[in-house]
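*Asks:* Okay, here's the structure, questions in a sec.
The values are calculated or read from the model by the stated rules, or taken from the named source; none is laboratory data. Given the structure is predicted, the values throughout are model-derived calculations rather than measurements. Here Cβ is always computed from backbone atoms with ideal geometry, including for glycine, and neighbour counts include all displayed protein chains. Calculation scope for accessible area: heavy atoms of the full protein, side chains included, ligands and nucleic acids excluded. Shrake-Rupley method; radii C 1.70, N 1.55, O 1.52, S 1.80 Å.
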Amino acid sequence: MISTRDRIVVLTGAGVSAESGLGTFRDKDGLWTKYDLNEVATPEGYARNPAFVQGFYNARRANLRDAAHNAAHAALAELQGAMGDRLTLVTQNVDDLHEQAGSRDVIHMHGQLMRALCGGCGHRWDAPEDMQPHHPCPSCAAPAGRPDVVWFGEIPYHMDQITDAITGCDLFVAIGTSGNVYPAAGFAAMARDIGAVTLELNLEPSDVATDFVASRYGPASEIVPAWVAEVLAR
Ligand code: OAD
């Protein structure tokens, strides 16, 4: 039975932040039902209409400023407090609600909404509230500022670190993610193949539900604190 003495990798997705008022992508009313991801989440879409794309991320940044972390984020921060670096927290989310809840060293594989990236020199800085196309980079002055988020067709961040953590873990847990987007959707199979236990915590079975040996379904704000309490009690 898994305890805080084991090594755990947690992967979170939009479902962990849904009850904080941040929309998911693929649920009914999800962001990708209202926006064409090819227009707002690809380098080609940005090249076609940078003002529209910057406006999309400015609005998401404004939503995030009004959002607060929920009980699922808080429970994961508590678990990390008990486990230290035996817990690796990887998120596909570009929000900072894990950090707001007290988690540290969160691996943001799809980048961060509150950060800006220079498309020229790679410099990163805190995103201004209202980012505009061709915002000058504070380091090299190139008019190449963009949100520091990973778009479709780009390579997710920190993949070596994530792969090392998964191939060394005893338990892999996916929380609030549809299993739709690779490479993250392949992490459960990777963990299973090295003999780790795999657990899915989600509102409903994900697209890769068969890669998990155990699953619990319900709202993250309920099932995540309940699971964390069990691990802490062992
Ligand atoms: P999705 O919108 O694809 O999936 C969200 C998952 O959360 C679904 O399986 C829902 O059933 C579940 N869910 C919804 N509400 C929940 C709740 N209250 N408690 C628990 N689960 C809940 O979001 P992601 O899987 O995170 O990438 O999407 C993956 C990536 O696709 C995102 O990081 C983003 C997106 O395009 C990029 O933009 C690169």
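*Asks:* With a 1.4 Å probe and every protein chain left in place, work out the accessible area per residue of the chain in Å², rounded to a whole number.
*Replies:* Heavy-atom accessible area per residue stands at 45 Å².
*Asks:* Strictly under 4.7 angstrom between C-beta atoms: which cysteines of the chain have no such partner?
*Replies:* CYS169
*Asks:* Related question: Report the full-extension gain for the segment GLN132 to ASP207: residue separation times 0.36 nm, less the Cα-Cα distance, to one decimal in nm.
*Replies:* Stretched fully, the GLN132-ASP207 segment lengthens by 23.4 nm.
*Asks:* OK, next. Around ALA68, with a cut-off of 14 angstrom between Cβ atoms, what is the net charge of the other residues, counting Lys and Arg +1 and Asp and Glu -1? Before the final figure, lay out each step's value.
*Replies:* Values: positive: ARG65; negative: GLU19, ASP66, ASP95, ASP96, GLU99.
So the environment of ALA68 carries a net charge of -4.
*Asks:* Same structure, new question: Determine the relative contact order of region 112-228: mean sequence separation of Cα pairs under 8 Å and six or more apart, normalised by residue count, in whole percent.
*Replies:* 16 percent
*Asks:* Using label points projected 7 Å from each Cα along Cα→Cβ, tell me how many nm separate ASN49 and ARG65, to one decimal.
*Replies:* 2.4 nm
*Asks:* Another question, if that's okay. Return a whole-number percent for the relative contact order of the chain, with Cα pairs under 8 Å and 6 or more residues apart as the contact set.
*Replies:* Value for the chain: 25 percent.
*Asks:* Using a 1.4 Å probe over the heavy atoms of the protein chains, calculate the carbon and sulfur portion of the accessible area of region 40-184 as a whole percent.
*Replies:* Whole-percent figure for carbon plus sulfur exposure: 51.
*Asks:* What is the angle, in °, between the Cα long axis of helix 50-65 and the longest principal axis of the Cα atoms in the chain? Nearest 10 is fine, range 0 to 90.
*Replies:* Computed tilt is about 40 degrees.
*Asks:* Let me ask another. Which value at 222 nm does the chain reach when only helices count, each DSSP H run of 4 or more adding -39,500 (n - 2.57), with the total divided by all residues and rounded to the nearest 500 deg cm²/dmol?
*Replies:* On the way: 9 runs with 77 residues, N = 234.
Computed ellipticity for the chain at 222 nm equals -9000 deg cm²/dmol.
*Asks:* From a point 7 Å beyond the Cα of CYS121 in the direction of its Cβ, which residues of region 144-158 have a backbone N at a distance under 13 Å?
*Replies:* Flagged as within label range: 144-145.
*Asks:* Next question, about the same structure. Based on alpha-carbon atoms only, what is the radius of gyration of the chain relative to the globular estimate 2.2 N^0.38 Å? Show your work: numbers first, answer last.
*Replies:* On the way: Rg = 17.8 Å, N = 234, 2.2 N^0.38 = 17.5 Å.
Expressed relative to 2.2 N^0.38 Å, the Cα Rg reads 1.02.
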